[in-house]
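**Q** Here it is, the structure, as structure tokens.
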Amino acid sequence: MRSAAFLFVLGVWLGSTSVVVGVVAWNFAGIPHAMHANPRLAERAQLAPDADRDTRRASPIFVFAGELNRAIIATWNRSQLVLAALALLFAGIAGARLWPLLPLTCATIIVIALTFFLAPEIERRGRELDFVPRTEVARDEEFATFDSLHSAYVRVEGAKTLLLLAAVVLHFWSARRRTEDTEGR
């Protein structure tokens, strides 16, 4: 029963991760959909529903979506720090063994790195590239660097999610072994 709070926090963390990923992805992917669904919006935004990717990326509505995503990710990363602290606290209270603590600790280190190192750099570079058309040759290297950092963030966030899943599985496994050891005595 002591592990219920620990598992609840991990469940909230995992569930929230999927919601944030969905919202952030839809902010950009939803722009063409919104322009097709609402021609008056497309007219006001001065963005044709069938505009190419480069034109969309330099449009004010796309830049607004980017700024919205920056706010969501910054809030999410701070929230993850709280969830990590709670998960570690409740893991200690639940008497979690080493195996579930290892992936949880690694996930916590990842969140610290994302929050204080990778995300701020992506945010800074993203703002520098706002309104710059992708076709501007002078900025190709800067776009490539931004894209590399963004891809790294996505991969590291994915790794963190797998580590959290591993913590849940290993906690169940170690709790089951603990029960079997206790019953076998």
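The values are calculated or read from the model by the stated rules, or taken from the named source; none is laboratory data. Predicted model, so just to flag it, every value in this text is computed and none were measured. Cβ: placed from backbone, ideal geometry, glycine included. Neighbour counts: every protein chain shown.
**Q** Just to be sure I understand the filter: pairs with C-beta atoms under 9 Å, separated by 6 or more residues or on different chains, first member in segment 16-28 and touching a residue at least 24 places away in the same chain (Cβ under 8 Å) and closer than 13 Å to Q80 by Cα, second member surrounded by 14 or more Cβ atoms within 10 Å (Cβ to Cβ) and of a type in the set (F, W, Y). Which pairs pass?
**A** Pairs found: S16/W76; T17/W76; V20/W76.
**Q** Restrict the check to segment 87-103 and report whether at least one residue is out of contact with any His (no Cβ under 7 Å at 6 or more places or on another chain), closer than 23 Å to G30 by Cα and surrounded by 14 or more Cβ atoms within 10 Å (Cβ to Cβ).
**A** no
**Q** Does any residue of segment 36-44 turn out to be part of a helix (DSSP H, G or I), among the acidic types (D, E) and in contact with a Pro (Cβ under 6 Å, 6 or more places away or on another chain)?
**A** Taking every residue of segment 36-44 in turn, none turns out to be part of a helix (DSSP H, G or I), among the acidic types (D, E) and in contact with a Pro (Cβ under 6 Å, 6 or more places away or on another chain).
**Q** Say whether the condition of being surrounded by fewer than 12 Cβ atoms within 10 Å (Cβ to Cβ) and not basic (K, R) is met by at least one residue in segment 2-12.
**A** Yes, segment 2-12 has at least one match.
**Q** Quick one: would you say L10 is on the phi < 0 side of the Ramachandran plot, at pLDDT 95 or above, hydrophobic (A, V, I, L, M, F, W, C) and in contact with a His (Cβ under 9 Å, 6 or more places away or on another chain)?
**A** Considered against the rule, which asks whether it is on the phi < 0 side of the Ramachandran plot, at pLDDT 95 or above, hydrophobic (A, V, I, L, M, F, W, C) and in contact with a His (Cβ under 9 Å, 6 or more places away or on another chain), L10 comes out as yes.
**Q** All but one of (1) among the β-branched types (V, I, T); (2) farther than 21 Å from V156 by Cα; (3) surrounded by 14 or more Cβ atoms within 10 Å (Cβ to Cβ) hold for I122, so report the exception by its number.
**A** (2)
**Q** So, F62, is that one modelled with pLDDT under 95 and over 22 Å from V168 (Cβ atoms) or not?
**A** Yes; evaluated as a whole, the condition is true for this residue.
**Q** Based on what the data block shows, is A37 among the small types (G, A, S) and either farther than 30 Å from L163 by Cα or free of Cβ contacts under 8 Å to residues at least 12 places away in the same chain (or both)?
**A** yes
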